[in-house]
1. Would you point out which residue out of B:Gln630, B:Gln660 is touching a residue at least 40 places away in the same chain (Cβ under 8 Å) and within 9 Å of another protein chain (Cβ to nearest Cβ)?
2. Name, by its number, the condition in (1) surrounded by 15 or more Cβ atoms within 10 Å (Cβ to Cβ); (2) assigned to a strand (DSSP E or B) that does not hold for B:Val316.
3. Does B:Thr286 fit the bill of being hydroxyl-bearing (Ser, Thr, Tyr), in contact with a helix residue (DSSP H, G or I) (Cβ under 6 Å, 6 or more places away or on another chain) and not assigned by TED's automatic domain parsing to the domain that holds B:Ser465?
4. Do you know which of the residues in the stretch B:252-270 that are more than 14 Å from every other protein chain (Cβ to nearest Cβ) and small (Gly, Ala, Ser) is farthest from B:Ala416 (Cα to Cα)?
5. When the stretch A:58-84 is examined, which residues are found to be within 12 Å of chain B (Cβ to nearest Cβ), outside any strand (DSSP E or B) and in contact (Cβ under 8 Å) with a residue 12 or more places away in the chain?
6. So which pairs qualify, if the first residue must be in the stretch B:77-104 and in the same structural domain as B:Glu47 (by TED's automatic domain parsing), the second must be modelled with pLDDT under 95 and part of a helix (DSSP H, G or I), the Cβ gap must be under 6 Å, and the two must be at least 6 apart or on different chains?
7. Assess whether B:Arg135 counts as being charged (D, E, K, R), in contact with an Asp or Glu (Cβ under 9 Å, 6 or more places away or on another chain) and part of a helix (DSSP H, G or I).
8. Do we find a residue being outside any helix (DSSP H, G or I), surrounded by 24 or more Cβ atoms within 10 Å (Cβ to Cβ) and under 17 Å from the mean Cα position of the chain (by Cα) anywhere in the stretch B:631-649?
Amino acid sequence: MANLTINGKTLTLDVEPDTPLLWAIRENAGLTGTKYGCGIAQCGACTVHIDGVAMRSCGVSVSEAEGKKITTIEGLASGNTLHKVQDAWIAHDVPQCGYCQSGMIMAVAALLNEKPKPTDADIDEAITNICRCGTFQQVREAIHTIASA
Amino acid sequence: MNKHISPRLNRRAFVIGTAAVGAGLAIGLDIPFGGPAVVRAADGSPEIGAWVVVRPDDTVVIRIARSEMGQGSLTGLAQLVAEELECDWTKVTTEYPTPGQSVARKRVWGDFSTGGSRGIRSSQDYVRKGGATARVMLIQAAADAWKVPASECTAANSVITHKPSGRTTTYGKVAEAAAKLTPPADVKLKDPKDWKLIGKGVKRLDTVDKTTGAMIYGADVKLPGMLNAAIKDCPVFGGKLKSFDEAKIAGMKGVKKVVKVGDTAVAVVADTWWHAKTALEALPITWDEGDNAKVSSASIAKWLAEGLDDSQPAYVGNKNGDAKAAIAGAARKVEAVYSYPYQNHATMEPMNATALYTADKCEVWCGTQNGEAAFAAVLEASGLPAEKCDVHKVMLGGGFGRRGQTDYVRQAVIIAKQMPGTPIKLLWSREEDMAHGRYHPITQCKMTGAFDANDNLIALHYRLSGQSILFSLRPEALQNGMDPAAFQGVAQSGEAAVGYSVPNLLVEHAMRNPHVPPGFWRGVNVNHNAIYMECFMDELAQAAGQDPLEFRRKLMGNHPKHLAVLNAVAEKIGWSTPAPQGVYRGIAQVMGYGSYVAGAAEISVTDGSKIKVHRIVASTDPGYVVNPAQVERQVAGSFVYGLSALFYGGCTVKDGKIEQTNFDTYNSMRINEMPKVETVMVPSGGFWGGVGEPTIGVAAPAVLNAYFAATGKRVRSVPLRDQNITFA
């Protein structure tokens, strides 16, 4: 059993402490917006915020995440108001297949928290998610739109 | 070798399956007695023909038979229907009919397959007619109610107006009456000059859920009482499962059952997938690897190299004049050998399917590029007839050709059949996905060009050696043993015709099929053929002492559409003016999937091995552009996919197995490596070409030719990482 605080709610989940947080989120908490892509922290599809920091949840164990504030893509909006990154993603029609985009959006949201006006170099350094469809152009444009707002 | 169901077999299964099912009642079907009955969607709203449902609140539901996997066809197809329907685009939504429903209604929605960049181009005619038919019926229903001639009524934005009286009504108000009318036998489609929605870069219809985590992909499917399965198939293709020691994992948490899947694989079923995967990794498995365990990349390369020799048999795919004689008597000849490796699709979402089997029903939920092929796989694996099976399509986390195959669907059903009544979600690990792809085929190519004394190209001998996709996946499509698709991009004519006229030309293919299963990988055979031809064109230009663009232009007089896209990129990148200091250019063109494309790159190279791509310009002539915003994304995405394969890709074989296991050994480009792609659309009209794939053909050769311009070194094999060439 573990207590995880996900999107503002503390859940008691029947999960072993060494289970990757990704699978606790997807299978035990039932939040499937966070995606499995590689399981080895390479692709970024499983990116969530842990105490505000973008982390690849496949590489974080449940025991490491206990007592911390976990935010998933489902918890990014405030009630019915979408996060500015989500708004920009819709305005720029960023997703293609969309499978990597939960992770991409979480990574970008964390970057913008830290650097509200990132340069191209900042984006290049911080955003390392894989997108096989190749949405990078729209990702970059959407970030700049938010930064210039 | 794995056995695959061919599309032809699928259709046979449908005929048998439909005999027992009542005829559907929709446009295009014969209605035996009385008038047509109203066919209703699940929410009770009436169909106005099979493609359109109109709700009382004027919402229009457009049926989409093809699959959305990121390429944007869902939105493009809806635009085609809506254009003719004259409905309010802001009230359009879409739904997938199921393959089972389609079969029960005599395939009223036509082909479901979504590959070969065909989604729009091969259904544009009948889906537009579906929209036009519904419009005519809705107008007729309003005219009947007003007791006026339909010819006095017009429709726009879901509003019908009787011009003489000024009366109006809406589609939602007349839908019930329209649904009862007999559809017109023939409808006239709009002249392209009158299109209002086709050609407009409207927003995709599926974006919002992809930004909130709400979109359901196959891996996200949840059913009551569902269990999860992890699978391991014999890592040597063609090998078999010998035994496994179930007792060793009996006490592991969550494990419910260990099952054999066919002759080659074993799966662990557990409460969660993490438990299933953890137990599977602990399960001792013995394989019968068979003779294929002796195969390596080196042994394959040696076998293919032998096929480059003229003494070996080969199929002739394109020929004019006498290339061999012209080469023999030429003033000068140039020769080069190129190669292209296996590639994995590496869709972001690994393969998966959820199956529920009971004694009298089998249903599957999955992402698939071919709903009908998946359906046929369910019939075969379940042993149940068509009316007891169905496939529910969900969003694909990438396809690129991989999800046109149905191996994972069949596996899910085989597992579920061993646990009747329990829904089973089978999810492959990334490692399983890398080990059991349907790989871009491996080839080599020897090219020989010959010049006369005035440096005119008089002959070209293009000899491919390597794997045929159709041999493995669709043997019925071979022509006397020859794979016509092997010549994509270098064919005499058709949708992938070569763009050069050479007086003496010989294009041939020595077919050699290693045991690694090939598949349709975005761009398919255009990928390597465009690299071979376009890089060699550069070599020939260099040998002739001519500019690569001018050299090509001289051979393209009879190919105006190929030339037009090449000229478009040349102009946009500024070919006639010098590149910035330290920056070098490369150019390439090809025809594929009925479209003409060209690309140009500007790169700089540090230390001879670190490449920075500064600019990419890409032009495309797909005839008609349905949604320019989506075309732009497909063109840019093709460069990301194509350059990822060039720099980082390549699957190698050791002991009969694929060596790459995950994104650490099969990497993919990131945002920092990818410049903006400047897309130039030059639609010349009059034909419908594909968009998702053709551009990938020019991505690698444009960069490779620029690399030569920068370094004087020719790179003739992929991936670049093997030669320690990387992104700067």
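1. Numbers: B:Gln660 fails: within 9 Å of another protein chain (Cβ to nearest Cβ).
So the residue among B:Gln630, B:Gln660 that is touching a residue at least 40 places away in the same chain (Cβ under 8 Å) and within 9 Å of another protein chain (Cβ to nearest Cβ) is B:Gln630.
2. (1)
3. So B:Thr286 does not fit the description; no.
4. Of everything passing the filter in the stretch B:252-270, B:Ala265 is farthest from B:Ala416 (Cα to Cα).
5. A:Cys58, A:Val62, A:Thr72, A:Ile73, A:Glu74, A:Gly75, A:Leu76, A:His83, A:Lys84
6. Pairs found: B:Val103/B:Phe14; B:Val103/B:Gly17; B:Val103/B:Thr18.
7. Values: charged (D, E, K, R): yes; in contact with an Asp or Glu (Cβ under 9 Å, 6 or more places away or on another chain): yes; part of a helix (DSSP H, G or I): yes.
Taking the combined requirement at face value, the residue satisfies it.
8. If we filter the stretch B:631-649 for residues that are outside any helix (DSSP H, G or I), which is where we start, we get B:648-649.
Still in the list and also surrounded by 24 or more Cβ atoms within 10 Å (Cβ to Cβ): B:649.
From what's left, under 17 Å from the mean Cα position of the chain (by Cα): none.
No, the stretch B:631-649 contains no residue that is outside any helix (DSSP H, G or I), surrounded by 24 or more Cβ atoms within 10 Å (Cβ to Cβ) and under 17 Å from the mean Cα position of the chain (by Cα).
The values are calculated or read from the model by the stated rules, or taken from the named source; none is laboratory data. Keep in mind it's a predicted model, so treat the numbers as computed, not measured. Neighbour counts run over all protein chains shown; Cβ positions are idealised from the backbone, glycine included.
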